[in-house]
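Asks: Before I ask anything, let me first share the structure, which is written out below as structure tokens.
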Amino acid sequence: MSYVERRRFLWILFLMALTLLAIAANATTLARMRFEELAQQATAVARLRCLDTKSFWHNGEIWTDTQFEVIEQAKGALQATVIVRTLGGTVGHLHSRVEETPVFHPAEETYLFLWGREGQPLRVLGWSQGTFRIARDIKTGAQTVTQDSATASLFDPQVRRFVHEGIRNLPISIFQMKLRKALQGDPPR
Amino acid sequence: MKNSIAKHWRRQVSAWVHALLCGIWWGPAAQAYSFNMIVPDVRQPAAISGGSACPVRAHQLTTAGSIAVQWSTVLNTNPVTILTQNQTPSGRLSEIEQTITQSLAVWTGVSGTLLLPRTLTPLTRTATQNPCGADGLNSICFDQMDMAFTPGVLAFTRVITADVTGIQIGGSAISTELGQVLDADIYFSPGDPNTTFATPQAFPASPKAYDLESVLTHELGHFLGFSHSAVWSAIMFPYAPAPGTISGTRPTTHQPDAPLADDDRTGLRVLYPDPADTLHQGTISGRIIPANPLALPAFPSGVTGVFGSQVVAVDNSTGAVIGATLGGWSCVAPGPAQFDGAYQIAGLPVGNNYTVYAEALNGAANPSQFNNALTLLCRNAMTDAGWPPLQACIVPSVDINFTTRTRPGP
């Protein structure tokens, strides 16, 4: 490829990127539980670090308990470590799966919108909708937040485009601001 | 056949990926439709594990009478969560049963698959309060309180498979195939007065209710081995249609699979292919690779293509999404999965022209953490003690630093 061709190619890439950014910014979203609804209905909202997971049989089903260290609390009163229970997991040769249930790995950090009733283990509100993973850029150290339910792009056949919904790659400071704002609208508990 | 399709489709690259589309594929293709996958336990003898760490699809057996489903006639009365037109006790049950039968018939009504009406035994009822559970019986429960429910969760299907053959749960048959579903139960949210489901008969007069048939048909897709689809029109799209609306159109005698989108049909043909079907033999396959190899993740090693890409084939004549897949990997026995950017959309009608759209999972999140279709493509010594290193792999993260370029195929 000659220099001119390469330059033209890079320009095309640049223009395509701009176009696609515009498309993404105007994308239609499907609202299942709005962020404000999640904040309102959650028993607790916290930034957590996964310590360990364990799957086991309980009442005829396979469940997974994930132990988290509480890094930062935005709502509710949590102890220093909490256990969040999700349906599904692996015990022996049996693999129990439920779509949209979040799976956690040791050392990863997430903001979770938790929900629980007295005497019951905590669960993740709305499953993938209440799970916001924190990613750290290796080079810059910048942290971003992505909602599990927003990670997959959706294809709208009518407009023949991939569109996005939910929170994706949001700088953590903006996410925290958004969270504070959503919680301020929450009636006192 | 594959070549004839590939020659005619038009290519279009979307977002931050470079799609290198190939008309000729050089190895076994990725089995990366949105299916529930499981990696066999190769630590066990090959006689029961198959000896390969390549992921296999969860599926039901398709011999006559191999799928049995029961439903619980125990319904919540306070609040009433299942709305029917007929208010007599027996009439209510008949109406609900008719909806279940209809929803099952939607899936068995797809042409070109081995999933046929005779694959199912007649639907049975149970008056047991809590029949859902890992007991080897496939059950549908409308009033079984399950700890997993939270606001925002309308219904779910829990599917149990085994990573070796010869396994049995409760009353299930002993598994003879890898990926065979041993137990699949469908739970409907039982106790939320704001969440009601209406049968098709009651639906017109229940604008605030979810369509029972749409939700049930979706859950039965999981029951059959599907994961979620990223196509809006698909019944396997993760979110239920809003209250007062339905997915697609109602099934009819002429079109029993009407609520399904082509994407669902194509997926079913891939999951339960009928060898005698000559119409849906088309395949589009290729690789999604970054123009800049440095954009590939440094860890784990050996990643040569974009992982977690979403690839969609649109039928040019109808504008419908004919098939969509989550691609990015391939596998050749004895495994493990290779993250080479490979994708394959199979089960396509031959003789048509298609446009392919592709996009990477443009997120910093690790796809292995959120989607069953991608979650368990790998096992290794960290996940399973004593896992053989030569059949071990690590699911890579997604790198978003992609440039874009189109390149014609052969």
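The values are calculated or read from the model by the stated rules, or taken from the named source; none is laboratory data. Worth saying up front: this structure is predicted, and the values here are computed from it rather than measured. So basically every Cβ, Gly included, is an ideal-geometry build from the backbone, and we count neighbours across all protein chains shown.
Asks: How many residues does region B:242-265 hold that are part of a loop (DSSP other than H, G, I, E, B) and closer than 15 Å to residue B:106 by Cβ?
Replies: Residues in region B:242-265 being part of a loop (DSSP other than H, G, I, E, B) and closer than 15 Å to residue B:106 by Cβ: 16 in total.
Asks: For region B:209-225, state whether one or more residues are assigned to a loop (DSSP other than H, G, I, E, B), assigned by TED's automatic domain parsing to the domain that holds residue B:158 and either touching a residue at least 60 places away in the same chain (Cβ under 8 Å) or in contact with a Pro (Cβ under 6 Å, 6 or more places away or on another chain) (or both).
Replies: Yes, because at least one residue in region B:209-225 is assigned to a loop (DSSP other than H, G, I, E, B), assigned by TED's automatic domain parsing to the domain that holds residue B:158 and either touching a residue at least 60 places away in the same chain (Cβ under 8 Å) or in contact with a Pro (Cβ under 6 Å, 6 or more places away or on another chain) (or both).
Asks: If you don't mind, there's one more thing I want to ask. Which one is farthest from the other protein chains (Cβ to nearest Cβ) among residues in region B:187-207 that are surrounded by 18 or more Cβ atoms within 10 Å (Cβ to Cβ) and either of a type in the set (Ser, Thr, Tyr) or within 24 Å of residue A:116 (Cβ to Cβ) (or both)?
Replies: B:199
Asks: Name the residue that is surrounded by the most Cβ atoms within 10 Å (Cβ to Cβ), counting only residues in region B:140-179 that are of a type in the set (S, T, N, Q) and within 20 Å of the chain's Cα centre (by Cα).
Replies: Taking the candidates together, the pick is B:161.
Asks: Evaluate region A:120-142: report whether one residue or more is buried (at least 23 other Cβ atoms within 10 Å of the Cβ), farther than 23 Å from residue A:33 by Cα and of a type outside the set (A, V, I, L, M, F, W, C).
Replies: No, that holds for no residue.
Asks: Separate question: Within region A:102-113, does at least one residue satisfy the condition of being in contact with a strand residue (DSSP E or B) (Cβ under 7 Å, 6 or more places away or on another chain), free of Cβ contacts under 8 Å to residues at least 12 places away in the same chain and assigned to a strand (DSSP E or B)?
Replies: No: zero hits.
Asks: Tell me which residues, restricted to region A:70-82, are in a strand (DSSP E or B) and either within 13 Å of another protein chain (Cβ to nearest Cβ) or within 26 Å of residue A:36 (Cβ to Cβ) (or both).
Replies: Those that are in a strand (DSSP E or B) and either within 13 Å of another protein chain (Cβ to nearest Cβ) or within 26 Å of residue A:36 (Cβ to Cβ) (or both): A:70, A:71, A:72, A:73, A:74, A:75, A:82.
Asks: Sticking with this one: Looking at (1) at pLDDT 90 or above; (2) in the same structural domain as residue B:140 (by TED's automatic domain parsing); (3) of a type in the set (Val, Ile, Thr), which is the only condition residue B:231 fails?
Replies: The single condition residue B:231 does not satisfy is (1).
Asks: Out of the residues in region B:136-156 that are at the interface with chain A (Cβ under 7 Å from one of its Cβ atoms) and in contact (Cβ under 8 Å) with a residue 40 or more places away in the chain, state the one that is farthest from residue B:217 (Cα to Cα).
Replies: Result: B:151.
Asks: Could we say that residue B:254 is farther than 19 Å from residue B:100 by Cβ and free of Cβ contacts under 8 Å to residues at least 12 places away in the same chain here?
Replies: Against the criterion (farther than 19 Å from residue B:100 by Cβ and free of Cβ contacts under 8 Å to residues at least 12 places away in the same chain), residue B:254 qualifies.
Asks: Looking at A:17, A:25, which is the one that is under 26 Å from residue A:131 (Cβ atoms), modelled with pLDDT under 50 and outside the structural domain of residue A:134 (by TED's automatic domain parsing)?
Replies: Every option except A:25 fails the conditions.
Asks: So, in region A:87-101, how many residues would count as being in a strand (DSSP E or B), facing chain B (nearest Cβ under 7 Å) and not polar (S, T, N, Q)?
Replies: The total comes to 4.
Asks: Let me ask another. Go through region B:268-317 residue by residue and tally those that are surrounded by fewer than 20 Cβ atoms within 10 Å (Cβ to Cβ), in a loop (DSSP other than H, G, I, E, B) and within 19 Å of the chain's Cα centre (by Cα).
Replies: Final tally of qualifying residues: 1.
Asks: Taking only region A:53-64 into account, find how many residues are in a strand (DSSP E or B) and surrounded by fewer than 15 Cβ atoms within 10 Å (Cβ to Cβ).
Replies: Number of matching residues: 4.
To keep it simple, each residue is scored yes or no on (1) surrounded by fewer than 20 Cβ atoms within 10 Å (Cβ to Cβ); (2) within 29 Å of residue B:334 (Cα to Cα); (3) not assigned by TED's automatic domain parsing to the domain that holds residue B:384.
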residue: B:47; (1), (2), (3): yes, yes, no
residue: B:83; (1), (2), (3): no, no, yes
residue: B:86; (1), (2), (3): yes, no, yes
residue: B:93; (1), (2), (3): yes, no, yes
residue: B:98; (1), (2), (3): yes, no, yes
residue: B:105; (1), (2), (3): yes, no, yes
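Asks: Test residue B:230 against the criterion of being buried (at least 21 other Cβ atoms within 10 Å of the Cβ), within 14 Å of chain A (Cβ to nearest Cβ), within 14 Å of the chain's Cα centre (by Cα) and farther than 22 Å from residue B:112 by Cα, and give yes or no.
Replies: So residue B:230 passes the test.
Asks: I would also like to ask the following. Given the structure, is residue A:146 more than 9 Å from chain B (Cβ to nearest Cβ), surrounded by 21 or more Cβ atoms within 10 Å (Cβ to Cβ) and in a strand (DSSP E or B)?
Replies: No; evaluated as a whole, the condition is false for this residue.
Asks: Here's another thing I want to ask about it. Based on this model, can you work out whether residue B:186 counts as closer than 21 Å to residue B:221 by Cβ and touching a Cys at 6+ places or on another chain (Cβ under 8 Å)?
Replies: Criteria met by residue B:186.
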